[in-house]
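Enquirer: Just dropping this structure here.
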Amino acid sequence: MNEWTTSPLEDLATFQKGRKVEVINQARNGFLPYLGAGVISGRANSEFASIIGAVLASENDLLMLWDGERSGLVGTGKRGVVSSTVAKLTPKPKIDGRFLCYALFRYFDWIQARRTGTGVPHVPKDLAKILQVDHPADKSEQLRIANVLDTIDEAISTTEAVIAKLKQVRAGMLHDMLSYGLDEHGQLRDPITHPEQFKDSPIGRIPKEWIFGPLSRFVPKAEYGISSCLGENGVPVLRMNNISGGEAQLSDLKYSSAHIPDRLWLRPGDVLFNRTNSWEHVGRTGIWRGQIERTTFASYLVRLNNNPDLLNSELLNLWLNWPMIQIAVRRFATPAVQQVNINPTNLRQVQAAFPKNINEQNEIVVRIGQQDSAIRSLLAENIKLKSIKFGFQDDLLTARVRVPETVSFQESKL
């Protein structure tokens, strides 16, 4: 097999910095997608720029973020107008563009450590001269490496697309379940074809079998957590940053050595509401699943004690994480020093409607749980794929593992 060599980046690609041009929010003749920092980071393009006096990129060019905190980040496969904060790299004949893009990912930390600028950091102006890139001398080996890594990237992209679709389905299902519920046959009620199954209420039409009232009807009591200094010793204490995605998480736990009243130990199924935080995070709600014994919670959290005869705690958690209820809850937020606060008494004034039949509540929880389980499974698969990619990149881009000449593109697929 042919050997590897090292070349300065300027021998592998030409550089051209983007320019400032007219930018608009909709497509128009004479305008192309605007290739800025967000596009390189993977976000969908939402702006268009004039081609007059612009630096244009094709799908074969690489884009490097030149200015900002993420300067040095690279991307490829984008056609459009290059932003003034981005540089276009056009690969020279000796290097495969896809291979070069993967290779430059490896040097991201190296580039970041050499940024210049006292305000907005920049890629060093002489990057093309000082960055030495390892690569196979034989372009066919570059192509084989890029094909292997592309295959993994395609699997990651496909998995992420399925996850996004399942999240959309879950959001629609949650809205329908919490608005219409399930009839005695386990079918979603339809207010259009069966209006007789619904009744009027102060919050709109709800199923006849449901009960309505302030949240306090279903949650008769709310409890504040402990107020004590937290450190690295004692009993685990959940804080506001431990509530995420409808769950109580165990990351970055703090501890308390104070005496904990028996009533403030957490029980599996407890619903915790974040009453104080920034505007975008206040109201976060998660459920404690008893991951560890003898755990309590801080005073910025409130435990909502539901009446189990009227409301399943899992359904309460789903309801409080429903986007339209999050909006309703934030209407009760009052400003504090650099934060906002939602008083639990005010919270329990929010109007709510739930199935009277606990079996219907349980079935809603089960169906949403099935969606959540499928999403979690795919998220775990995606983490595994990214781990595989990281290992492959490290091996293939350092020549520790060589791709044989006999391996075709199809054979390289996972």
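Enquirer: Looking for whichever is of a type outside the set (Gly, Ala, Ser), without any contact (Cβ under 8 Å) to a residue 24 or more places away in the chain and touching a Gly at 6+ places or on another chain (Cβ under 6 Å) here; the options are 268, 308. Which one fits?
Expert: Selected residue: 268, the only one of 268, 308 that is of a type outside the set (Gly, Ala, Ser), without any contact (Cβ under 8 Å) to a residue 24 or more places away in the chain and touching a Gly at 6+ places or on another chain (Cβ under 6 Å).
Enquirer: Name the residues in the range 177-207 that are in a helix (DSSP H, G or I) and either modelled with pLDDT under 95 or surrounded by fewer than 15 Cβ atoms within 10 Å (Cβ to Cβ) (or both), would you?
Expert: 195, 196 - these are the residues of the range 177-207 that are in a helix (DSSP H, G or I) and either modelled with pLDDT under 95 or surrounded by fewer than 15 Cβ atoms within 10 Å (Cβ to Cβ) (or both).
Enquirer: Can you tell me which residues in the range 186-200 are more than 36 Å from the chain's Cα centre (by Cα) and either closer than 22 Å to residue 359 by Cβ or aromatic (Phe, Trp, Tyr) (or both)?
Expert: Across the range 186-200, the qualifying residues are 194, 196, 197, 198, 199.
Enquirer: Please go through the range 372-409 and give me each residue that is of a type in the set (S, T, N, Q) and surrounded by fewer than 17 Cβ atoms within 10 Å (Cβ to Cβ), ordered by number.
Expert: 373, 377, 387, 398, 406, 408
Enquirer: Next question, about the same structure. Could you check how many residues of the range 208-234 are closer than 16 Å to residue 302 by Cβ and part of a loop (DSSP other than H, G, I, E, B)?
Expert: So the answer is 4.
Enquirer: Just to be sure, is residue 353 small (Gly, Ala, Ser) and under 29 Å from the mean Cα position of the chain (by Cα)?
Expert: In short, no.
Enquirer: When the range 118-146 is examined, which residues are found to be under 32 Å from the mean Cα position of the chain (by Cα) and among the hydroxyl-bearing types (Ser, Thr, Tyr)?
Expert: 118 - this is the single residue of the range 118-146 that is under 32 Å from the mean Cα position of the chain (by Cα) and among the hydroxyl-bearing types (Ser, Thr, Tyr).
Enquirer: Of everything in the range 292-309, what is in a loop (DSSP other than H, G, I, E, B) and modelled with pLDDT of 95 or more? Give them in sequence order.
Expert: Selection gives 295, 306, 307, 308, 309.
Enquirer: Within the range 262-274, count every residue that is touching a strand residue (DSSP E or B) at 6+ places or on another chain (Cβ under 8 Å) and either of a type outside the set (A, V, I, L, M, F, W, C) or not assigned by TED's automatic domain parsing to the domain that holds residue 245 (or both).
Expert: Residues meeting the conditions: 4.
Enquirer: Considering only the range 187-203, state which residues are over 16 Å from residue 360 (Cα atoms) and either in the same structural domain as residue 173 (by TED's automatic domain parsing) or in contact with a helix residue (DSSP H, G or I) (Cβ under 7 Å, 6 or more places away or on another chain) (or both).
Expert: 191, the sole residue that qualifies.
Enquirer: Another question, if that's okay. May I ask you to say which residue of 377, 313 is at pLDDT 95 or above, among the hydroxyl-bearing types (Ser, Thr, Tyr) and more than 25 Å from the chain's Cα centre (by Cα)?
Expert: Just one listed residue meets the conditions, 313.
Enquirer: Restricting attention to the range 235-287, which residues are part of a loop (DSSP other than H, G, I, E, B) and under 17 Å from the mean Cα position of the chain (by Cα)?
Expert: Of everything in the range 235-287, those that are part of a loop (DSSP other than H, G, I, E, B) and under 17 Å from the mean Cα position of the chain (by Cα) turn out to be 245, 246, 249, 251, 280, 281, 284.
Enquirer: Among the residues of the range 386-412 satisfying the criterion of being β-branched (Val, Ile, Thr) and modelled with pLDDT of 90 or more, which is farthest from residue 3 (Cα to Cα)?
Expert: The selected residue is 388.
Enquirer: Same structure, new question: Quick check on this structure: which one of 224, 180 is assigned by TED's automatic domain parsing to the domain that holds residue 362 and over 26 Å from the mean Cα position of the chain (by Cα)?
Expert: Going through 224, 180 in turn, just one is assigned by TED's automatic domain parsing to the domain that holds residue 362 and over 26 Å from the mean Cα position of the chain (by Cα): 180.
The values are calculated or read from the model by the stated rules, or taken from the named source; none is laboratory data. Treat the numbers as computed from the prediction; the structure is a model and nothing was measured. All Cβ positions, glycine included, derive from the backbone under ideal geometry; neighbour counts span all protein chains shown.
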